[in-house]
Amino acid sequence: MAWEVDTTDTVQMQLLERESPLASLAEYAGEARHGEGRLVLVAGEAGVGKSTLVEHLQRDLPDARWSWGACDGLFTPRPLGPLFDLAGTLGGELLELCHTSATRHELFDAALRQVSKPGLLNVVVIEDVHWADEATVDLLRFLGRRLRNASVLLVVTYRDESLTTTDPLHVALGELARQRSTRRIWLAPLSPDAVRVLARGCGLDAGELHRLTAGNPFFVTEVVRAGLGASLGAIPPSARDAVLARVVRLSGESRTVLDVAALIGARVEMRLLESVTSCSPSVVDELMASGLLVGDGTWLRFRHEIARLAVEEAIAAHRRGPIHAEILGGMRCLACDDDARMAFHAEAAGDGEATIHHAHRAAKRAAELASHREAAAQYQRAVRFSSGREPAFVAGLYDGLADELLLLDRWQDAADATAQALALWRSAGDRLREGDTLRRLADTLYLQCRGTEVATTMEAALAILEPLGPSHELARTYGALALGRMVLGDNDAAIELARRAQAIAEPLGVSEAIIDALNTKGCVIAETGGDWFGPMRRALEIATSGGFGEHAGRTFANIYAIDCQQRRFAEGERYYVDGLAYCDEHDITTYSNWLRGDRSIALERLGRWDESLALATEILVRSGPSPPNRMASLTSRGIIGARRGDSDACDHLDEAMAVADSTDEVERIVLVRLARAEANWLAGDQDSARHEAELAAHRSSACNSWDRGAIASWLRRTGSTRSIEGGLAEPYRLQIEGDWDKAAQLWSNLGCPYEVALALLASTEEAALRRALSILAELGAPAAARIARQKMRALGLRSIHSGPRSATREHPLGLTKREHEVLDLICGGHTNAEIAARLFISTRTVDHHVSAVLAKLGAPTRTVAAAKAAQLGLVNAPET
């Protein structure tokens, strides 16, 4: 934060240019005090003063109960590190649970209870969440959704300058920002005038100082306090040299202790520092007097991470390993139970055995707490030191790594780890584990879209496991093979394999295999039109109550997919919301991506195209999603793009088709084939459209009534003489029978406006065609609207609406005048509420406009939209 600094090195805590954010914090604290809990996201670059802002608020709220936690970027973090910090302050139930093997939900619930106690304002601060582990991010999601009716002010600080659009934290923060209880504060660097105040009396040119430091308060303060004189040539190019200029003033013993502190981390336990260095109280006093370290109860901490980094970087490389070894020894003497920290120091010390021991333990605990990124990082650390260890032990490490990577949708890395494990189990001669790893390998082959190899690999697993008799591994393999048969359309074989899996699993208590079997049964029953929800509900109950996160994620995704497939959008909404919250809070990226992909399809069918495109774009710009999890989003982008006449629509559908064909899944293939049929129909290529529809028809025998109906409607629309056997879903049946009016009404009841328009287009009545044209114009579907106009002209109808206004057609991205106004305000940094006030429209209307703008720009976030707009020269001059 900005302080006034005098030449005697005395810090006067007068904040500069922070009146507005401090007033906002005070306002949110007042709301929280009255039972309207607030989550406040405080963002800004390193050194801009986020912590100082919060500390100033603490002085203004002496009657509140304050609890602090922080994330450390020095090492792969211990899952829920900030929560353990909070437990030390809050004590009670939470502290007791932290000393046990409590589940994450037990810890989350305890934390919520203790910070929600009535009677006073509870302020909880979690700093530096840009370094947060996934479990901590999930804790923020959990609290953010539940504190709205509690007297809690949860303040979260983070650096925003390095967050990319694909960063998991960026995604999580975007979701948190949409919560009703969330508020955001962004701290800007200081102006030249503020720097002039800080530089007063130090002999430095304020303008040059602002240029060198870019107005960063920490940099400015360090340079001024370094006391380097009035010569501009003596000013270091960064605060690093300013920090080191203060370090050289320390005594030799203090400098040695400071080096150890820098390698311990941003927060340093006094007893650990004393154990490692045997430092005297006078040394600690000197370090605190220097301003580099400050006291924090029984801890010391660096005044800023930049200061710690400057000290760390100055330590000679040959000295770092021995210091880390001393730190590791000190932690052992103190019976430290933070395996994540100990694994870091062990690796830095080059102690292979200790690295494997602590990394393996840290990985297992991280997996238990559903902090899968941290678990994967610890497994990777362990295998780096595994050379020479027995094959079975190393194979187990690779198995654990592969499991974590699959949950993160890092399919290629998971495949590589599984291949390593398979070779090692074969080397160890363990047939049971070899067979089980072949099952795991099939999962990775599926995610690589190597569909023909999946069944072969599963059969190889069975050939090994069946002669060994009933086992956990055999039950899981039958369950996985049942799923494989189902997606290929072989429902009878799927049911039989699911029955075998369940028969083996139930006596052995193999819950995962039971859930798999129930999932497959439910999906098959849904395909054949039966009551599928019973098996699915039981599978979900077993998965959630037993803590089987991966299986719960899959079940949520299956229920939502079936509801959307059957156009039961209202019924599916609950499972999308609950399922997404569950997957996000448990770091199950694979199934959260699956849910979001299906959501993009559902939004397209509901006519909410801008929202569908925004969500699909968000998924596609991420580096992680496996090809199958990209397919739904590619299809949404492609079909909506075709309806709007976008030039890249076919590219998206081509990629989606390549994915669908490689998986050999009936449902995926039919979905994309029909999308390509429509795209060709809209482009006027009737022959290609008919060909795509007939290719879809080749798979119709394995389809449900909804997919059969869609195939039949496109065969008819494209002039094919081919017929479909089997029952059709009611709206499609009515269309095929020529009762377009009733079909349109049913589609309207289901909330599918585009299907309403397509049904009406089958009519020759003027009112029906005009209604179809009106719907298509409202949806923004010029390609289909053109077909409607052609039919109306052929029937001799007059006064036909000509389409979008010329201003919209002429805009390079098709933005309306209102959308361009919204884009200008987005680029100006205005919130939706501020935009609504400026334009005298509702916030809900602004939400729709913002979604439309993001979709037309192909941008996943407002920040990316602003950058693209600036690049394309679409932004008006900023207001002054």
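The values are calculated or read from the model by the stated rules, or taken from the named source; none is laboratory data. Owing to the predicted nature of the structure, the values given are computational and were not obtained by experimental measurement. Backbone-built Cβ (ideal geometry, glycine too); neighbour counts: all protein chains shown. Surface areas here come from the heavy atoms of the whole protein model, side chains and all, with no ligands, DNA or RNA. Shrake-Rupley method; radii C 1.70, N 1.55, O 1.52, S 1.80 Å.
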**Request:** Scan the stretch 25-77 for residues that are crowded, with 20+ Cβ neighbours inside 10 Å, in a loop (DSSP other than H, G, I, E, B) and touching a Ser or Thr at 6+ places or on another chain (Cβ under 6 Å) and jot them down.
**Result:** GLY37
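Given the residues TRP714, TRP706, which is the only one that is surrounded by fewer than 23 Cβ atoms within 10 Å (Cβ to Cβ), within 24 Å of ASP563 (Cα to Cα) and among the hydrophobic types (A, V, I, L, M, F, W, C)?
That would be TRP706, the only listed residue that is surrounded by fewer than 23 Cβ atoms within 10 Å (Cβ to Cβ), within 24 Å of ASP563 (Cα to Cα) and among the hydrophobic types (A, V, I, L, M, F, W, C).
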**Prompt:** Restricting to the stretch 116-136, what's the tally of residues that are open to solvent by 10 Å² or more (accessible area, probe 1.4 Å) and at pLDDT 85 or above?
**Reply:** 7
**Prompt:** Filtering the stretch 623-653 down to residues that are open to solvent by 30 Å² or more (accessible area, probe 1.4 Å) and more than 18 Å from ALA783 (Cβ to Cβ), which residue is modelled with the highest pLDDT?
**Reply:** ARG630
**Prompt:** Looking at (1) touching a residue at least 12 places away in the same chain (Cβ under 8 Å); (2) under 22 Å from ASP351 (Cβ atoms); (3) open to solvent by less than 50 Å² (accessible area, probe 1.4 Å); (4) not aromatic (Phe, Trp, Tyr), which is the only condition HIS304 fails?
**Reply:** (2)
**Request:** Of all residues in the stretch 325-349, count the ones that are open to solvent by 10 Å² or more (accessible area, probe 1.4 Å) and either aliphatic (A, V, I, L, M) or in contact with a helix residue (DSSP H, G or I) (Cβ under 9 Å, 6 or more places away or on another chain) (or both).
**Result:** 15
**Prompt:** Quick check: is even one residue across the stretch 240-248 at pLDDT 80 or above, in contact with a strand residue (DSSP E or B) (Cβ under 9 Å, 6 or more places away or on another chain) and under 26 Å from ALA314 (Cα atoms)?
**Reply:** no
**Message:** Cβ-Cβ under 7 Å, sequence separation 6+ or interchain: first residue in the stretch 77-103 and at positive phi, partner of a type in the set (S, T, N, Q). Which pairs?
**Reply:** LEU80/THR136; GLY92/GLN114
**Prompt:** Going through the stretch 578-600 one residue at a time, which ones are open to solvent by 10 Å² or more (accessible area, probe 1.4 Å), hydrophobic (A, V, I, L, M, F, W, C) and over 18 Å from SER633 (Cα atoms)?
**Reply:** ALA581
**Message:** Considering only residues that are closer than 20 Å to CYS523 by Cβ and without any contact (Cβ under 8 Å) to a residue 12 or more places away in the chain, which ones fall in the stretch 445-494?
**Reply:** ASP492, ALA493
**Request:** For the stretch 525-559, enumerate the residues that are open to solvent by less than 10 Å² (accessible area, probe 1.4 Å) and within 29 Å of ARG708 (Cα to Cα).
**Result:** ALA526, MET536, ALA539, GLY553, THR555, ALA557, ILE559
**Request:** Could you check, for the stretch 719-730, whether at least one of its residues is open to solvent by less than 40 Å² (accessible area, probe 1.4 Å), within 23 Å of GLU604 (Cβ to Cβ) and not in a loop (DSSP other than H, G, I, E, B)?
**Result:** no
**Request:** Would you check which residues across the stretch 332-348 are over 34 Å from the mean Cα position of the chain (by Cα) and assigned to a helix (DSSP H, G or I) and list them?
**Result:** ARG332, CYS333
**Message:** Here are the criteria: (1) in a helix (DSSP H, G or I); (2) more than 20 Å from ASP443 (Cβ to Cβ). Tell me which single one ALA376 does not satisfy.
**Reply:** (2)
**Request:** Please find, within the stretch 393-452, the residue that is most open to solvent (accessible area, probe 1.4 Å) out of those that are among the charged types (D, E, K, R) and within 17 Å of GLY484 (Cα to Cα).
**Result:** ARG450
**Message:** Can you find a residue that is at pLDDT below 90 and under 26 Å from HIS586 (Cα atoms) anywhere in the stretch 525-542?
**Reply:** no
**Message:** Looking at GLY321, GLY265 in this structure, which one is out of contact with any strand residue (DSSP E or B) (no Cβ under 8 Å at 6 or more places or on another chain), modelled with pLDDT of 85 or more, closer than 26 Å to GLY81 by Cβ and surrounded by 21 or more Cβ atoms within 10 Å (Cβ to Cβ)?
**Reply:** GLY265
**Message:** Among (1) assigned to a helix (DSSP H, G or I); (2) open to solvent by less than 20 Å² (accessible area, probe 1.4 Å); (3) of a type in the set (A, V, I, L, M, F, W, C); (4) at pLDDT 80 or above, there is one condition LEU190 misses while meeting the rest; what is its number?
**Reply:** (1)
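Does the stretch 405-412 contain at least one residue that is closer than 23 Å to PHE548 by Cα and either at pLDDT 95 or above or of a type in the set (D, E, K, R) (or both)?
Scanning the stretch 405-412, I find at least one residue that is closer than 23 Å to PHE548 by Cα and either at pLDDT 95 or above or of a type in the set (D, E, K, R) (or both), so the answer is yes.
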**Message:** Condition first: assigned to a loop (DSSP other than H, G, I, E, B), modelled with pLDDT under 95, open to solvent by less than 20 Å² (accessible area, probe 1.4 Å) and on the phi < 0 side of the Ramachandran plot. Can you find one or more residues in the stretch 685-701 that meet it?
**Reply:** no
**Message:** So, ARG332, is that one closer than 27 Å to GLY350 by Cβ, among the basic types (Lys, Arg) and in contact with a Ser or Thr (Cβ under 8 Å, 6 or more places away or on another chain) or not?
**Reply:** no
**Asked** Within the stretch 671-684, is even one residue touching a residue at least 12 places away in the same chain (Cβ under 8 Å), part of a helix (DSSP H, G or I), in contact with a Pro (Cβ under 8 Å, 6 or more places away or on another chain) and closer than 26 Å to GLU730 by Cα?
**Response** no
**Prompt:** Would it be correct to say that TYR575 is surrounded by fewer than 24 Cβ atoms within 10 Å (Cβ to Cβ) and out of contact with any strand residue (DSSP E or B) (no Cβ under 8 Å at 6 or more places or on another chain)?
**Reply:** yes
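Report yes if ILE640 is more than 25 Å from GLY726 (Cα to Cα) and either touching a Leu at 6+ places or on another chain (Cβ under 8 Å) or part of a loop (DSSP other than H, G, I, E, B) (or both), otherwise no.
Yes, satisfied.
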**Residues that are within 36 Å of the chain's Cα centre (by Cα) and open to solvent by 20 Å² or more (accessible area, probe 1.4 Å), drawn from the stretch 458-469** = GLU459, ALA460
**Request:** Answer yes or no as to whether ALA675 is under 30 Å from THR452 (Cα atoms) and at pLDDT 95 or above.
**Result:** yes
**Request:** Go through GLY607, GLY641 for me and flag whichever is over 24 Å from ALA526 (Cβ atoms), touching a Phe, Trp or Tyr at 6+ places or on another chain (Cβ under 8 Å) and not hydrophobic (A, V, I, L, M, F, W, C).
**Result:** GLY607
**Fill in**
Note: among ALA172, ALA87, just one is in contact with a Leu (Cβ under 9 Å, 6 or more places away or on another chain) and within 24 Å of ASP578 (Cα to Cα), namely ALA172
**Asked** Conditions: (1) open to solvent by less than 10 Å² (accessible area, probe 1.4 Å); (2) at positive phi; (3) among the hydrophobic types (A, V, I, L, M, F, W, C). LEU369 meets all but one. Number of the miss?
**Response** (2)
